[in-house]
Amino acid sequence: MPKRIAYRTCPLCEATCGLELHLDDRAITLVRGDKDDVFSHGFICPKGSAINHLESDPDRVRVPQIRDRATNTWRDATWDEAFAHIEARLLPIIAEHGNDALALYLGNPSVHSIGPQLYNRVLGQAARTRNVFSASTVDQMPKQVSAALMFGTGLSVPIPDIDHTDYLLVLGANPFASNGSLMTAPDVPGRLRAIRARGGRIVVVDPRRSKTAEESDEWVAIVPGTDAHLLLAMAQVLFADDLVQVGDHLAPWVAGLDTVREVVGPFTPEAVEPMCGVPASVIRRLAHELAAAPTAAVYGRIGTCVQEFGTVASWAVDVLNVLTGNLDRRGGAMFNLPAIGGGNTGGTPGRGRGVRFGRRSSRVRAMPEVFGELPVVCLAEEIDTPGDGQVHALITVAGNPVLSNPGSQRLDAALASLDFMVSIDIYRNETTRHADVILPPESLLARGHYDVALRSLAIRNVATYSAPIVELESHEHPEWATMARLAGVLQGLGSSADVAQQVDAAVIGMLVDKAEARAGTDAGELLATISANGRHGPERMLDLMLRTGPYELTLDHLIVQPHGIDLGPLQPRIPEVLRTATGRIELAPEMIIDDVRERVVPALARRPNGGLVLIGRRDLRSNNSWMHNVRVLVKGKPRCTLHVHPDDARSRALVDGAKAKVMSQTGELEIAVEVTDAIRPGVVSIPHGWGHDVDGVDLSIAREHAGVNTNVLTSTDTFDVLSGNAVLSGIPVEVVAT
Ligand SMILES: Nc1nc2c(c(=O)[nH]1)N[C@H]1C(S)=C(S)[C@@H](COP(=O)(O)OP(=O)(O)OC[C@H]3O[C@@H](n4cnc5c(=O)[nH]c(N)nc54)[C@H](O)[C@@H]3O)O[C@H]1N2
Ligand SMILES: Nc1nc2c(c(=O)[nH]1)N[C@H]1C(S)=C(S)[C@@H](COP(=O)(O)OP(=O)(O)OC[C@H]3O[C@@H](n4cnc5c(=O)[nH]c(N)nc54)[C@H](O)[C@@H]3O)O[C@H]1N2
Ligand code: SF4
Ligand SMILES: [Mo]
């Protein structure tokens, strides 16, 4: 094929930047930001630029791998062989022990790849197991729970309108490194700088002076895990100083204002100061600034989620947005109107069923299900605790729980003890080395791409589809078809290649029937239209979702616009966006109010005990656990170091560059010390996703820059009660020089 240029959305993080790829046949010879992309306008980060190295990495798994358990050696297999092996081994385990004997773990990149995005649920339904786990419960689950209770669906997350706001209060997020999360926006750094350039103000609440804090007007160095208290104190000030102004646009729709007023009563700035480590005067001033700003948005991200009071903190963020009248107005916190798949774009506008949690619970600790999944803090115990309903087999899709989940040494051992494991993954890494079969997805260039979830969390309404740029090679099997074929195996349809098509046909049939029931569109006609020219798989599903979505687009509209279609800035959506049972904004959901009373109020008595607590951090050139095998991203000074404040280093005789031992109740590790004043005294930080020097891992470059796995220090015993989310921040540790 001749040299050419093609455009596609970068699938590596939530920012959805447009890439301009220069190709020589199948090889990417140059990567640039797509300056014509309607959203990213040419912005690109070092990871996007390195996508060619990721694609051509010789360590990647390219054909199915089967492990011989006796010798622990791997061999190449054909796809037919791999699926036959899975059928022969997996079905007897399920037949003997029941459906719950199989667990699923869905990892983060499954949000960024079209196959898992559209077929994870298909696989989950085919498995009929309660043991569905995902990276959501080491991440944003608290926000999904609070959003669902307040607004009716788990993706009804208010997005800070950063392009128009005058005042941004950021808690527990470092978009200068992460490029934004639950806030899809290419070039967040540029957009944040623009806030200040137009005279606006940014305040960052973070135990570390992150790059984002450095680029802001004010850094508030909070004690980890105390954001809920800080935010509730701000709400208390708004009530006490008569600053609450929900505004005419919200007032008719807000329920529970008096309950909130009452429940925040004990959270005076003076009462939370000793716990949060933030002076009462600062808390009071921040509340006044927020109320006085012409427009403002409060935005909390992972730091506010991976903590003990994650759901309350996530809720309190939006309580402040409501109390100051900033919810659902330009420059405030707004709802996206996605072209596809919005939970709050279908059904009856303005009213829904709300949500229910805990329809099932885990076997060992009876932890409740949230949005159909169990918290990952339960995964290891479900595997290593004998008894009825024990997990004996696991399928992982784009996940590396051995590095990403808390208490990971136990999980590592649990995976080694499984009777059978399948991984859909691009590498043989810390997790997938335990698999019996690894099934690789096709090249990025050979798959279509649409960010179903991320576009619904974006600061603008944008729709972009990237068509496959190259044909599948003969050894490749599309990821969606792998998932559908696995689902077919579990349904007893056999393991042959045509099973994927059968499953796909059944799924699309169900979806068009639903569309008929909902909108009265003739199912037969719709199916014929979307199946024209042999369209099937994810593309047919996307076409259906676009046609039945709020903009009445079709996939063909998107195909001819590879730089995306700009559907405009966010628009007010209250009340039609609401899907609560009452049709109101539930400002005081009972579950949350009870949690405030039962756990958050008593915690007011806590005081820092003089010991150290551990938090994480992210680096621009890294992405969770899986980009450390790309030399251009890992070269330079080591990134997996222990950040320690100079005072703490002095009192513990820790020396910059020397090793220290870090110990928690769960585990211990050794790591190089980096002394820095960009962290609050009493707090130390280690990034997650490292620790690549374990047996059986086939990552030659990552091994040279192995780092250590911080999740041997985190625990499965602590979690946010309402969401089940793991606590990964504020872990008590001891640090000693070695
Ligand atoms: N201590 C601590 N732990 C954390 C966090 C923290 O802040 N601190 N952050 C948490 C967060 S936010 C997250 S999201 C989780 C992530 O947790 P996980 O999703 O479990 O882990 P990842 O590191 O994202 O691993 C992704 C896996 O997907 C594979 N992969 C990459 N691309 C593809 C693809 O296209 N298809 C397939 N099938 N596989 C692919 C990679 O090889 C890798 O094995 O980690 C969490 N863990
Ligand atoms: N370069 C890069 N980009 C990424 C990723 C990556 O690994 N690398 N991962 C992607 C993923 S999966 C996600 S979920 C997003 C996350 O996106 P962000 O939420 O922006 O994540 P971080 O950059 O880790 O920033 C979290 C900040 O919270 C602070 N923090 C820790 N504990 C607390 C606390 O108790 N309270 C407060 N207020 N702050 C606290 C940390 O010091 C850190 O600065 O990033 C995504 N983008
Ligand atoms: S910011 Fe995210 S989406 Fe944009 S180029 Fe970098 S990795 Fe890709
Ligand atoms: Mo994440």
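The values are calculated or read from the model by the stated rules, or taken from the named source; none is laboratory data. Bear in mind the structure is a predicted one, so any value in this text is a computation, not a measurement. Neighbour counts are summed over all protein chains in view; Cβ atoms, including those assigned to glycine, are modelled from backbone coordinates with ideal geometry.
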Report summary line: Here the residues within the stretch 690-724 that are assigned to a loop (DSSP other than H, G, I, E, B), under 26 Å from SER146 (Cβ atoms) and either within 15 Å of ligand 2 (Cβ to nearest atom) or acidic (Asp, Glu) (or both) are THR714, ASP717, THR718, ASP720, SER723
Query raised in the report: Is it true that some residue in the stretch 29-44 is over 12 Å from HIS112 (Cβ atoms) and within 16 Å of ligand 1 (Cβ to nearest atom)?
Result: no
Query raised in the report: So which helices (runs of 4 or more DSSP H) are wholly in the stretch 241-331 and hold at least 1 residues that are closer than 30 Å to LEU612 by Cα, at pLDDT 95 or above and away from ligand 3 (no atom under 16 Å from the Cβ)?
Result: 269-276, 280-292, 302-305, 310-323
**Report entry** strands (runs of 3 or more DSSP E) wholly inside the stretch 164-230 containing at least 1 residues that are in contact with a strand residue (DSSP E or B) (Cβ under 9 Å, 6 or more places away or on another chain), within 16 Å of ligand 1 (Cβ to nearest atom) and on the phi < 0 side of the Ramachandran plot
**Finding:** 167-171
Query raised in the report: Quick one: would you say LEU633 is touching a residue at least 12 places away in the same chain (Cβ under 8 Å), touching a helix residue (DSSP H, G or I) at 6+ places or on another chain (Cβ under 9 Å) and of a type outside the set (Gly, Ala, Ser)?
Result: yes
Requested in this report: Just name the residue that is surrounded by the fewest Cβ atoms within 10 Å (Cβ to Cβ) out of those in the stretch 683-723 that are more than 16 Å from ligand 4 (Cβ to nearest atom) and on the phi > 0 side of the Ramachandran plot.
Outcome: GLY696
Report task. Working only within the stretch 725-738, note down all residues that are part of a strand (DSSP E or B) and within 13 Å of ligand 2 (Cβ to nearest atom). Result -> ALA726, ILE731
Query raised in the report: Can you tell me which residues in the stretch 494-506 are crowded, with 20+ Cβ neighbours inside 10 Å and among the hydrophobic types (A, V, I, L, M, F, W, C)?
Result: VAL499, ALA500, VAL503
Report task. Give me a count of the residues in the stretch 214-235 that are under 30 Å from PRO266 (Cα atoms) and without any contact (Cβ under 8 Å) to a residue 40 or more places away in the chain. Result -> 3
Query raised in the report: Can you tell which of ALA366, ALA339 is at pLDDT 95 or above, more than 30 Å from GLU289 (Cβ to Cβ), crowded, with 24+ Cβ neighbours inside 10 Å and away from ligand 2 (no atom under 16 Å from the Cβ)?
Result: ALA339
Requested in this report: Answer with yes or no whether VAL145 is modelled with pLDDT of 95 or more and within 15 Å of ligand 1 (Cβ to nearest atom).
Outcome: no
Requested in this report: Quick one: in the stretch 125-148, of everything that is touching a Gly at 6+ places or on another chain (Cβ under 6 Å) and under 30 Å from GLY492 (Cα atoms), which residue is farthest from ligand 2 (Cβ to nearest atom)?
Outcome: VAL132
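One line per residue, one yes/no per condition, for (1) small (Gly, Ala, Ser); (2) over 19 Å from ALA458 (Cα atoms):
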{"position": "GLU270", "(1), (2)": "no, yes"}
{"position": "PRO274", "(1), (2)": "no, yes"}
{"position": "LEU290", "(1), (2)": "no, yes"}
{"position": "ALA296", "(1), (2)": "yes, no"}
{"position": "VAL322", "(1), (2)": "no, yes"}
{"position": "PHE335", "(1), (2)": "no, no"}
{"position": "ASN344", "(1), (2)": "no, no"}
Query raised in the report: Restricting attention to the stretch 478-493, does a residue exist that is surrounded by fewer than 23 Cβ atoms within 10 Å (Cβ to Cβ) and closer than 30 Å to LEU558 by Cα?
Result: yes
